[in-house]
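These notes are about the structure you will find just below.
Read-outs throughout are calculated quantities, based only on the coordinates presented, and are distinct from any laboratory measurement. Quantities reported herein were computed from a predicted structural model and do not represent experimental measurements. Cβ atoms come from the backbone with ideal geometry, glycine included; neighbour counts cover every protein chain shown.
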Amino acid sequence: PCARRLQVFTMVKGKAFRKQWKEARKPLNRRASSRIKSRNTKTFEQRQKEKLEMEQVKQKAKDLLDTRKEVRKARAKKREAKQRRKEENEIKSGKFEVIKKTDKIRKWHKNAKKTLMKMAPEQIERLMKGNRAEL
């Protein structure tokens, strides 16, 4: 195996194995004048025009994004309000009782504690007006 490697390296030293397509692309065999291309420069007015067009495109894209954001915010607000109303109506329509003696709550199991809702006295009053529940 080692002899083959050495043989390959010694053979590559010559010009016999150079690839023609690679050699053609190398800049060595060309004149400098053919290598250096003059750039097609744009005039100041053209550059300004392109700049203005790009700014307009960016502004349009920004406007579209802003309108999408506003629509999303409005939808989210609506969804939130609907969820709140749904929860309130669920509480109003459901059966509930006001617990005044809270001593035994700590002995309840976990799922029972999860169903317990803590409310401010004003909320309880509002519920009692809307739905006459037994105490």
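Can you compute the label reach from Met117? Point 7 Å from Cα along the Cβ direction, backbone N cut-off under 18 Å, restricted to segment 83-110.
Answer for this model: 83-100.
Along segment 106-111, what does the Karplus equation 6.51 cos²θ - 1.76 cosθ + 1.60 (θ = phi - 60°) give for ³J(HN,Hα), rounded to whole Hz, x for Gly and Pro?
5, 7, 5, 7, 4, 5
Determine which lysines satisfy two conditions relative to Lys78: a Cα distance under 17 Å, and not lying fewer than 8 residues away in the same chain.
In chain and number order, the partners are Lys69, Lys86.
Explain nothing, just compute: Karplus ³J(HN,Hα) = 6.51 cos²θ - 1.76 cosθ + 1.60, θ = phi - 60°, for every residue of segment 59-74 in order, whole Hz, x for Gly and Pro.
Values per residue, Gly and Pro as x: 4, 4, 4, 5, 4, 4, 4, 4, 5, 4, 4, 4, 4, 4, 5, 4 Hz.
Please compute the modelled spin-label separation between Asp63 and Glu88, points set 7 Å along Cα→Cβ, answer in nm with one decimal.
Placing both labels 7 Å along Cα→Cβ, they lie 3.9 nm apart.
Across the Cα atoms of segment 60-129, what radius of gyration and what greatest pairwise Cα-Cα distance (Dmax) are found, in Å?
According to the Cα coordinates of segment 60-129, Rg and Dmax are 19.9, 64 Å.
With θ taken as phi - 60° and the coefficients 6.51, -1.76 and 1.60, list the Karplus ³J(HN,Hα) couplings across segment 86-98 in order, rounded to whole Hz; mark glycine and proline as x.
4, 4, 4, 5, 4, 5, 4, 7, x, 8, 8, 9, 7
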